[in-house]
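The values are calculated or read from the model by the stated rules, or taken from the named source; none is laboratory data. This structure is a prediction, so every number in the text was calculated from the model and none was measured. Cβ: placed from backbone, ideal geometry, glycine included. Neighbour counts: every protein chain shown. Note: areas computed on protein heavy atoms with side chains; ligands, DNA, RNA excluded. Shrake-Rupley method; radii C 1.70, N 1.55, O 1.52, S 1.80 Å.
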Amino acid sequence: MRVYNIHEAKTHLSRLIRAAAAGEPFIIARRGKPVVKVVAADAPEREAEGRTGFLAGRIAVPEDFDRMGAEEIATMFGAAE
């Protein structure tokens with residue numbers, strides 16, 4: 001994706017808008033740092049990544065999960081229970 005500084009974007013705004021409308025998004029940067037991304041208004045929106053609960057119903061967590069291996073861990077750290 002092309003990056004243009006603000007001055008360059010202002011100078012070529014009409015051409016850049018035509019390109020974005022044709023499916024070529026671009027980024028406008030200030031002092032070399034990206035500020036905005038310009039895409040066509042009818043461009044499909046990116047779906048949000050829904051990571052929370054993505055394995056719901058696929059795995060089972062044992063009731064003693066928080067105590068599993070407690071004896072081995074205590075032995076490894078020299079603090080027998």
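What to note about this one:
- Rounded to whole Å, the principal axis extents of the Cα atoms in the chain read 73, 33, 13, largest first.
- Between the residues Leu16, Val38, Ile28, the greatest Cα displacement towards the positive end of the dipole of the range 1-46, with unit charges on the Cβ of Lys, Arg, Asp and Glu, is found for Ile28.
- Here the peptides 26-38, 57-69 are ranked by packing, the mean other Cβ count within 10 Å, and the order with the highest first is 26-38, 57-69.
- Rounded to the nearest 20 debye, the dipole magnitude of the chain is 1240 debye, with +1 charges on Lys and Arg beta carbons, -1 on Asp and Glu beta carbons, and the Cα centre as origin.
- Protein heavy-atom accessible surface, 1.4 Å probe, per residue over the chain: 93 Å².
- Percentage relative contact order, the chain, counting C-alpha pairs under 8 Å, at least six apart: 21 percent
- Applied to the range 19-30, the Karplus parametrisation 6.51 cos²θ - 1.76 cosθ + 1.60 on θ = phi - 60° returns per-residue 3J(HN,Hα) values of 5, 5, 5, 8, x, 10, x, 8, 10, 9, 10, 10 Hz, with x for Gly and Pro.
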